[in-house]
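Values quoted throughout were computed directly from the atomic coordinates according to the rules given, and no laboratory measurement underlies them. None of these values were measured; they are calculated from a predicted model. Backbone-built Cβ (ideal geometry, glycine too); neighbour counts: all protein chains shown.
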Protein chains: 2
Amino acid sequence: MNLNTLLFGRRLSNREHEDKKLGWIEAVPAMGLDGLGSSSYGPEAALTILIPLGALGLVYLGPVMGSIIALLVILYLSYRQTLAAYPSSGGAYVVAKENLGEYPSLLAAAALMIDYVLNVAVGVSAGVGALVSALPSLHPYILPLCLAIIAVVTLANLRGTGEAGWLFALPTYLFIACFIGVIAYGVFRIVVESDPAPVVAPPPLAASASSAGIWLLMHAFASGCTAMTGVEAVSNGIGSFREPILKNAYITLTIIVVVLGLLLGGIAIIAVWFDIGAMDQTKEGYQSVLSQLVGALVGFNTFYYVAMSSLLCILCLSANTSFVGFPRICRMVAADGYLPKGFAQPGRRLVFTVGILFLSVLASLLLIVFGGITEKLIPLFAIGAFLTFTVSQTGMVVHWWRQKQRQPRKLAMNAVGAVATGAALLVILLAKFTEGAWITLIAVPVTIGLLRAVKSYYDGLEAQLRKPGPIILDEIDPPTVLVVTESWNRLSERAIRFALTLSPDVVAVHLVRLGGPEMEESEKALRDQWQTEVEEPVAARGLQPPRLMLIPAPYRELHEPLLRLIEKLDADAPERQVAVLIPETVKDRWWQNILHMNRAGRLRTQLLKFGGSRLTVVTVPWRLSREGEPVEGRTIAAPL
Amino acid sequence: MNLNTLLFGRRLSNREHEDKKLGWIEAVPAMGLDGLGSSSYGPEAALTILIPLGALGLVYLGPVMGSIIALLVILYLSYRQTLAAYPSSGGAYVVAKENLGEYPSLLAAAALMIDYVLNVAVGVSAGVGALVSALPSLHPYILPLCLAIIAVVTLANLRGTGEAGWLFALPTYLFIACFIGVIAYGVFRIVVESDPAPVVAPPPLAASASSAGIWLLMHAFASGCTAMTGVEAVSNGIGSFREPILKNAYITLTIIVVVLGLLLGGIAIIAVWFDIGAMDQTKEGYQSVLSQLVGALVGFNTFYYVAMSSLLCILCLSANTSFVGFPRICRMVAADGYLPKGFAQPGRRLVFTVGILFLSVLASLLLIVFGGITEKLIPLFAIGAFLTFTVSQTGMVVHWWRQKQRQPRKLAMNAVGAVATGAALLVILLAKFTEGAWITLIAVPVTIGLLRAVKSYYDGLEAQLRKPGPIILDEIDPPTVLVVTESWNRLSERAIRFALTLSPDVVAVHLVRLGGPEMEESEKALRDQWQTEVEEPVAARGLQPPRLMLIPAPYRELHEPLLRLIEKLDADAPERQVAVLIPETVKDRWWQNILHMNRAGRLRTQLLKFGGSRLTVVTVPWRLSREGEPVEGRTIAAPL
């Protein structure tokens, strides 16, 4: 148990729930890493699509990034309204459930879950990819590094969002400071100097080879939209905020969106001004857009390395956003019965352990299957997020529509959001369909099907267990008690004594040749002993003495002859309940399990499995002491 | 369950025990593979030691092999007497236990067990080594091949010795026919022709470089003695023979020893006559002694390949002798309490499953650790066998000594056996001490220590459980019954109804906020429902109504608040027993376990572990049906 405390921290009681909630300072790293990290690959992705245009590409970067930032602003304003309207949980799942019904809510949930899983795999592999290109000697260890990062993030989140948030705070705020700083410096130079010269000139761009078609621009827009996937995290995780909830959520969302917007806009302006384009990743001497940008503005000095290190950190840790969001969405879905109940059960640190571990395992499997290189998954990536945005905004439109007091401005805002994100979704789907987006289009309905199947199982279960009226008391005669007896010893004494307190009708059952055909056994000796040690003393107390039955166990298994006996008892007295009393030694130490055959445990399992609903299994424990004396008193030493 | 039947065959009942016993035809392959296979490496090992002598070595081969064969004859005659004296189990363990006491018997058991494990690892790796040198393209697969062979032999033995015997019969008898035939042909030619010429001449031997010292001859003798390790198998496995037991055992032992003796003697004669020496295994063009021998007599024709294939087979399968012997020795040792009881429990096919699997795992681990190349283990190998022989023969001397009717000839025979094998043991120990024999000298006492530790655990257990007198009946008041209640449903109805049959003192316990701080719960609604649905109807029947207690579960665990409650009940009424009644849903399908949290199972485990000996745990099963209706009747559908 000390290991548990060391790894995960001490247990938290239900009362400590409020203490573990987040303020905005912790929430920005906890929920914003995905969004902030994506500022590095969003513009890069758009510029990569524009490579064929050569220098002409930069002309189109403005409009493309402009529309992305416009979309971001619309999304920000829409989501502010969502937060205000659903201050306890503003995730797309809840909004859709309340306003659009079951299937739209499952659509949002499935899309979001898939996106969160992909985000972990893609984020970690992208971070490790960047790390490996900086330190090529690490190249053979891509997969172990990916898995190690997932393990660290998993552990941090199992300890609790708050602490995980603090762990991630340093790189996050360092990243914000560095890149907002360098972009401000760049814009300052552009404004002050008429034609600022780069400190380190980026590689020259090719001459324009072709002109831009609408398809190419759509594609660039779709690729750039990956920068926006982290926006849902705040509304989805609003339950994690401490009071004042709404204020904390507003500040967190605002910081994330403003920093993201500044970065996207700033990167676009400086890229255009300093002629920075994307380079071919597969070629020698590749540098990312941000690396070229920092180099052009300040050169490859100490600051460059600090800034790039902070970027590397937040790329590697961008998976954390998923670890905050995924367990929370699973928890909501599980609470409604669409996922196994374990997803809704807070663990020792009041986090949703099952969801965290499930995400960790799923993402690790993805990484293992793809050998740590998940490039092919990137096209699948933004679809889930935009599907969620669209469903959520549509739900909000219905929400405002249904309000008694009409608020046309709010309705219009969310309608604009729904249309804009819906249009973006269409563009992304069209642009990336053949690159893998179709996989998402299969995965989402499959997930929805699974969620529905779980729900219908729980519905059936509830229908079976529902008890509409008062208790029915037809059979309250004491049961027939069968006591499984190996020999006459303290264990069977304790069991028989307990059986006598339950019912006058006690039968001791001894199975013959349980130990195989070569086992030596004296049936007569056992019968004689039973008569003198049990039957006579019990009769002397005026009680009905327990009979001893010897039945053969031809297949050396306990449960079959017992079940056959119970069947016979049932045929004789169908109204009578039957309880099987199994004496069981309790083991203190793991190695004791090697020395015992666990017949009691296996018999219990088999009886419960095959004995039907009218059989009851009673376990009479016998605690083994190591000093040779049985422990009679209770020892309550539950580990904390 | 069909998979089990397919893999292991149908279950066998205790009554079928006799049908599964062996006659000599099956016993020779089952128990003799080790001994027969060793005819190939015994002479080879002796000749390898003689390599430095060059051609002169063959002069000394006669005396060395002569003493080995003489020892074999002594061993044969001694063991015949052992079989006759202990016709139910003539293993060294039993003989030593009856005549020499506990520690000598454990010495024999430990030595034999270690030898059996080594035999599997060494035998399989030697067989695969021979296979790989015949088919070099298999070289990268040494370890997988070794493990695959162990898996096949394990599976065959889990199906039962009889069937395993038949599986191995073909290569065994083919091997015997081929090699006895070729040696007879060789001897015939030597007798008929004055100076027979080899069909394929073996490579010329080097001129004598040095003369033979006593140390070298001792070493050659010690190496040659590895040919004798399989002799104990018959006396150890005598319990597997069918009637007439003694006759079958005699015939089996005789066949094995006579064939082994003929092979050893024949190989020595032909090697001397045709100038066949051992070749250096590490050099290109290596051929084993038997390969040279068959080549010299008949050439490399079809017969050569058939003969060498049969040799390869029995080498690979020589591990089988261990799989017959090891589980049986473990079973005897376990029946006396020196090994976990599971070793003495016959499995579905009446074989000792635990022993077979344990041997399989141990040998596989050895092979994995050594990468499939266990050459270094060969020196450790014969020591266990000769230690066992010596202990067994010494025990027999004491046995005859104690007999009322003195049988001096029999005593003398076993005394000769004891002295001879003891002397051989000394020679082997001296010759191989630095090569690794010292490891056995450490492993044997460590094993004995473990066996003693197990025994003292079981002795302590028995002392704790021993019940000398009649049953004591001081407390037979009905227990306080606590019913764990999640909500008012059919599960709790069934549990409460059963509780009312056991005791008038029933308390329903509901744990509050088990699902975490955010769980919505109406304590008042539950209390009201309890009053109308339970308390009032029960009181109306004239019974004491079960109270409802709500207790908080701050750490979201069931067992701690319950244990605390029980502690309190105990303080109030120390004489009263407490039974905790747990309703549990029974799952038919594996996937149902994913959808349920198994709170009932975990609670039971924790209560048994921490609740002390006076707490009883009652499991009330509720079988889930898939049709939506609870199954009320019993369903006895135990798999066969």
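At-a-glance table
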quantity	calculated
Two-site FRET efficiency, B:Leu357 against B:Glu284, from Cβ-Cβ distance with R₀ of 45 Å, rounded to 0.05	0.65
Segment A:Gln403-A:Leu450, length gained on full extension (0.36 nm per residue, minus Cα span)	13.6 nm
For chain A, with +1 on Lys and Arg beta carbons and -1 on Asp and Glu, the positive-most of A:Leu260, A:Pro327, A:Pro87 along the dipole	A:Pro87
Exam field: B:Glu521 pseudo-label spacings to other copies (7 Å along Cα-Cβ), nanometres	4.7
Extension gain from A:Val73 to A:Arg589, taking 0.36 nm per residue of separation minus the Cα-Cα distance	179.6 nm
Net charge of neighbours whose Cβ lies under 13 Å from the Cβ of B:Ala437, counting Lys and Arg as +1 and Asp and Glu as -1	0
Residue mean of other protein chain beta carbons inside 10 Å, A:490-501	5
Estimated 222 nm signal from helices in the protein assembly as shown, with DSSP H stretches of n ≥ 4 weighted -39500 (n - 2.57), rounded to 500	-20500 deg cm²/dmol
Peptides A:389-400, B:31-42, A:494-505 ordered by average Cβ neighbours within 10 Å, highest first	B:31-42, A:389-400, A:494-505
The range B:178-199-the range B:600-626 distance, computed between alpha-carbon centres (Å)	76 Å
Of B:Val192, A:Ala307, B:Thr388, farthest towards positive along the dipole that unit charges on Lys, Arg, Asp, Glu beta carbons give the protein assembly as shown	B:Thr388
Cβ-vector label at 7 Å, B:Val199, separations to other copies in nm	8.7
Copy-to-copy label separations for B:Arg490, where each label sits 7 Å from Cα toward Cβ, in nm and ascending	4.3
Cα-based equivalent ellipsoid of chain A: semi-axis lengths in Å, sorted from largest, via gyration tensor	66, 27, 22
Set A:Lys587/B:Lys455; A:Lys341/A:Lys609; A:Lys376/A:Lys432; A:Lys524/B:Lys21 screened for pairs whose C-alpha atoms are more than 19 Å apart	A:Lys341/A:Lys609; A:Lys524/B:Lys21
Ellipsoid equivalent to the protein assembly as shown - semi-axes via the Cα gyration tensor, in Å	69, 51, 24
Per-pair calculated FRET efficiency, R0 = 60 Å: A:Val59 and B:Glu375 via Cβ, rounded to 0.05	0.20
B:Glu536 versus A:Thr302: modelled label distance in nm, points set 7 Å from Cα along the beta carbon direction	8.1 nm
Residue-span extension gain [B:Ser211 to B:Leu430] - 0.36 nm each, minus C-alpha spacing	76.8 nm
Distance-filtered residues of the range B:345-360 - backbone nitrogen under 13 Å, label point 7 angstrom along B:His17 Cα→Cβ	B:345-347, B:350-352
Unit charges on C-beta of K, R, D, E only; dipole of the range B:243-366, Debye	620 debye
Kirkwood-Stokes translational diffusion coefficient of the range A:480-623, alpha-carbon pairs, 10 °C, 1.306 mPa s, µm²/s	100 µm²/s
Farthest toward positive dipole pole in the range A:480-623 [+1 Lys/Arg, -1 Asp/Glu at C-beta], among A:Ser487, A:Pro583, A:Pro554	A:Pro583
Average partner coverage of A:512-519, which counts Cβ from other chains inside 10 Å	6
Packing-based order for A:481-487, B:588-594, A:66-72, using average beta carbon neighbours within 10 Å, highest first	A:481-487, A:66-72, B:588-594
For the range B:3-74, projected area of the alpha-carbon convex hull averaged over all directions, nm²	8.6 nm²
FRET efficiency for A:Ile439 and B:Glu518, using Cβ-Cβ distance with R0 set to 35 Å, rounded to 0.05	0.50
